[in-house]
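Colleague: The structure is given below, and queries will be raised subsequently.
The values are calculated or read from the model by the stated rules, or taken from the named source; none is laboratory data. Small disclaimer: the values here were computed from a predicted structure and weren't measured. Here the Cβ positions follow ideal geometry from the backbone for every residue, glycine too, while neighbour counts run over all protein chains shown.
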Ligand SMILES: Cc1cc2nc3c(=O)[nH]c(=O)nc-3n(C[C@H](O)[C@H](O)[C@H](O)COP(=O)(O)OP(=O)(O)OC[C@H]3O[C@@H](n4cnc5c(N)ncnc54)[C@H](O)[C@@H]3O)c2cc1C
């Protein structure tokens, strides 16, 4: 929903979604890893390490009982946005504009307008990001907001969204919060080194997400699988670890590139001095993948047009690109 006026309904395949319970999924993966022979150190933390010639040759891991010293052949650093392993390897800190801060509530007893689709909001309340409602069942949902370039988690914005947003508020008015979630997602695109010494970076530690929306759940799994395969071939067949970067760029890397182009243009728009309502319009059309970033002329031609005319132009573009059966735009 853009500026609380323009509704985009996107049924493209790539927007098909599945809502998962992260804790249960992680446990399921841990079961499988353990059955496959992995040793899992629950609740442990890599705290420090020694480096020789760019390789981490000793890793200090704090467990509930003692500090373990591990001499790793290879490390797969999947330790999140503020990766300890990256700090050990002296990777520069991420810029605050490269980090999306997200806060959300899992809410019950919601009165959802749509139980079978995600709602995203691009408007004055959700500027520099977007608000969202992700249904978890017919009467429960994650309701949140993600923003870039903010100093702290946008709890105030979320409260404002819940209390005052004309479309969100009626849906959550009588609901209760059953879980609070917050975090940071790196959304800088493919700018971080994936292989350094004997370390492969995966997931948020490598900013492997769809950077225009900050979605990293599926990309992290895909990249983690590729990293695992490369490590196995490195150990068993002496394959170079750099093969990891190659395989990523030949596969999901292409999707990352497309997302990065959207992200870069949205970022330019958000940091420009365009009128706020127009910024919301452009970022909404770009992020929801109605108009691609190479159609800049078309995008900027929408400035100052009344909503009805915007719908006309965008609808014509959808027909021209043969996507009018999958995506619709209308005024509400
Ligand atoms: C509120 C919120 C909502 C989101 N919603 C979505 C969504 O709807 N869809 C989507 O696709 N993405 C979403 N994302 C992004 C998604 O969660 C991440 O991209 C994804 O979780 C990345 O997975 P990861 O395993 O790389 O990192 P993480 O999930 O951050 O996992 C890193 C793990 O490393 C552990 N760790 C960290 N440091 C150490 C250390 N020193 N030693 C040992 N272990 C360590 C942490 O405890 C953690 O378990 C959301 C993010 C947030 C914050």
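Colleague: Modelled with pLDDT of 95 or more and either on the phi > 0 side of the Ramachandran plot or touching a helix residue (DSSP H, G or I) at 6+ places or on another chain (Cβ under 8 Å) (or both), is that true of residue 87?
Modeller: No.
Colleague: Hey, any hits in region 62-77 for a residue that's surrounded by 20 or more Cβ atoms within 10 Å (Cβ to Cβ) and more than 12 Å from the ligand (Cβ to nearest atom)?
Modeller: no
Colleague: If you don't mind, there's one more thing I want to ask. May I ask you to list the residues in region 204-258 that are under 30 Å from residue 121 (Cα atoms), part of a helix (DSSP H, G or I) and within 10 Å of the ligand (Cβ to nearest atom)?
Modeller: Residues satisfying the conditions are 204, 205, 206, 217, 218, 219, 220, 221, 223.
Colleague: Filter region 35-56 down to residues that are more than 16 Å from the ligand (Cβ to nearest atom) and free of Cβ contacts under 8 Å to residues at least 60 places away in the same chain and give me whichever is farthest from residue 199 (Cα to Cα).
Modeller: Applying the filter and picking the extreme gives 35.
Colleague: Among (1) over 18 Å from residue 202 (Cβ atoms); (2) surrounded by fewer than 14 Cβ atoms within 10 Å (Cβ to Cβ); (3) more than 13 Å from the ligand (Cβ to nearest atom), there is one condition residue 2 misses while meeting the rest; what is its number?
Modeller: Every listed condition holds for residue 2 apart from (2).
Colleague: Please specify each residue of region 184-213 satisfying the condition of being surrounded by fewer than 24 Cβ atoms within 10 Å (Cβ to Cβ) and on the phi > 0 side of the Ramachandran plot.
Modeller: 189, 197, listed by residue number.
Colleague: Being surrounded by fewer than 19 Cβ atoms within 10 Å (Cβ to Cβ), touching a helix residue (DSSP H, G or I) at 6+ places or on another chain (Cβ under 7 Å) and touching a residue at least 40 places away in the same chain (Cβ under 8 Å) is the requirement here; does residue 80 meet it?
Modeller: Yes, satisfied.
Colleague: Can you tell me which of 169, 109 is at positive phi and more than 16 Å from the ligand (Cβ to nearest atom)?
Modeller: Within the list 169, 109, the selection yields 109.
Residues checked against (1) more than 18 Å from the chain's Cα centre (by Cα); (2) within 14 Å of the ligand (Cβ to nearest atom):
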position	(1), (2)
83	no, yes
88	yes, yes
115	yes, no
119	no, yes
134	no, yes
142	no, yes
146	no, yes
149	no, no
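Colleague: Next up: I'd like to check something: does region 165-180 contain any residue that is in contact (Cβ under 8 Å) with a residue 60 or more places away in the chain and assigned to a helix (DSSP H, G or I)?
Modeller: Scanning region 165-180 turns up at least one residue that is in contact (Cβ under 8 Å) with a residue 60 or more places away in the chain and assigned to a helix (DSSP H, G or I).
Colleague: Sticking with this one: Given the condition over 16 Å from residue 75 (Cα atoms), assigned by TED's automatic domain parsing to the domain that holds residue 304, more than 21 Å from the chain's Cα centre (by Cα) and assigned to a helix (DSSP H, G or I), answer yes or no: does some residue in region 267-277 qualify?
Modeller: Yes, region 267-277 has at least one match.
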